[in-house]
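S.K.: Right, I'll just put the structure down here and ask away after.
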């Protein structure tokens, strides 16, 4: 599956928002934006391929591995061996990169099976090619949005449908045994995958809104990837908001502030702060060639507020987009360790640049084509932007910082691309043919 196809029916599995009904007033001057957006499959591409050591004895099994969830791994190993969880000891090790990719640990399960067979400790080490071909990955997303705004710049209608695959329960079926498949089918029947929907409920107010989605399980191993659905879903929201602002000739920052729903003062604050920090010039004074800026914002998991401005350069001769600088303002409540939070934001900014510019997995039948860094591109040092970060002082309880900033980076970049070239980006990663027409 190289792409996800939007359903051509009115039937979607899950409804996130249903507010208002009917049509907007025929007396109003309405501008409508209708568009489809797509994001690609992506790998975690951690520097360290996964590995594990298992020592399965008659009374106890010990596992050494890098994992984000040792309790999940313990439960899996106990199920594989048919033993009590109390008889399984997991020794978590340092990880050379995780990003959602080390919840399950296939190497640990392989080492466990082999150790149980031979009665001795066994070490399993995946090579780079095995890491790419056997790990679970970010699923593709496909969105269709139709939104309306009146002449005063007020959002009046937002209709959005999207399709992807289960993310938080994706690895359950990907692990391969019949019971897991049965459990996954039961999960899908009774509940929606919240990881797939993450970030789809936007912070803007409209009299009429409907947001629906389907999380369709496939045989491909999909699972958590930094931010889960928040990155693709916010990319769509912030792209449409930028296009609506242009349709009514409003500054993109002012348009977002005008349409924020009540109760989002913290988001309004970070948006104003990033505009000031970046010296936001506004659309009217943007250069149509180089040095253009784009803005985006979002709320991560209802608790962390972030806004970013990206400055890009469109290199027409090389048919290349370069992100020169990113300004980011984040409010994640009381910050206990500012250096650590800044490092997290820095990682999210680089990750978001990769999402926008480079990272894509494709399939040859059911096999992943990309199996190393020569075919799967990530951001390299010379392509990374300058970064300026501001943390908002707050007395609110500490909130998450590990994934939050990611949501605003890709749309800030693509909105800047439009400011520089006049071309809207509706699929990620950005392709030269979508920019340099």
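S.K.: Sort through 261, 268, 254 and tell me the only one that's farther than 23 Å from residue 161 by Cβ, touching a strand residue (DSSP E or B) at 6+ places or on another chain (Cβ under 9 Å) and surrounded by fewer than 18 Cβ atoms within 10 Å (Cβ to Cβ).
M.R.: Every option except 268 fails the conditions.
S.K.: While we're looking at this one, here's another question. How about the stretch 354-382: which of its residues are in a helix (DSSP H, G or I) and over 17 Å from residue 42 (Cβ atoms)? Please lay out each step first, then the result.
M.R.: Applying the first criterion (in a helix (DSSP H, G or I)) to the stretch 354-382 yields 354-357, 381-382.
Listed by number, the residues that qualify are 381, 382.
S.K.: For the stretch 88-108, how many residues are surrounded by 16 or more Cβ atoms within 10 Å (Cβ to Cβ) and either out of contact with any strand residue (DSSP E or B) (no Cβ under 8 Å at 6 or more places or on another chain) or more than 15 Å from residue 53 (Cα to Cα) (or both)?
M.R.: Of the residues in the stretch 88-108, 9 are surrounded by 16 or more Cβ atoms within 10 Å (Cβ to Cβ) and either out of contact with any strand residue (DSSP E or B) (no Cβ under 8 Å at 6 or more places or on another chain) or more than 15 Å from residue 53 (Cα to Cα) (or both).
S.K.: Check off (1) outside any helix (DSSP H, G or I); (2) at pLDDT below 95 for residue 91 and give me the number that stays unchecked.
M.R.: (2)
S.K.: Tell me which of these residue 166 doesn't satisfy, since it passes every other one: (1) within 30 Å of residue 212 (Cβ to Cβ); (2) outside any loop (DSSP other than H, G, I, E, B); (3) in contact with a helix residue (DSSP H, G or I) (Cβ under 9 Å, 6 or more places away or on another chain).
M.R.: Residue 166 satisfies every listed condition except (2).
Listed here are the residues, each with its yes/no results for (1) at pLDDT 95 or above; (2) outside any strand (DSSP E or B); (3) surrounded by fewer than 17 Cβ atoms within 10 Å (Cβ to Cβ).
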| position | (1), (2), (3) |
| --- | --- |
| 297 | yes, no, no |
| 308 | yes, no, no |
| 323 | yes, no, no |
| 327 | yes, no, no |
| 335 | yes, yes, no |
| 401 | no, yes, no |
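The values are calculated or read from the model by the stated rules, or taken from the named source; none is laboratory data. Quick caveat, the model's predicted, so the values are computed rather than measured. Neighbour counts run over all protein chains shown; Cβ positions are idealised from the backbone, glycine included.
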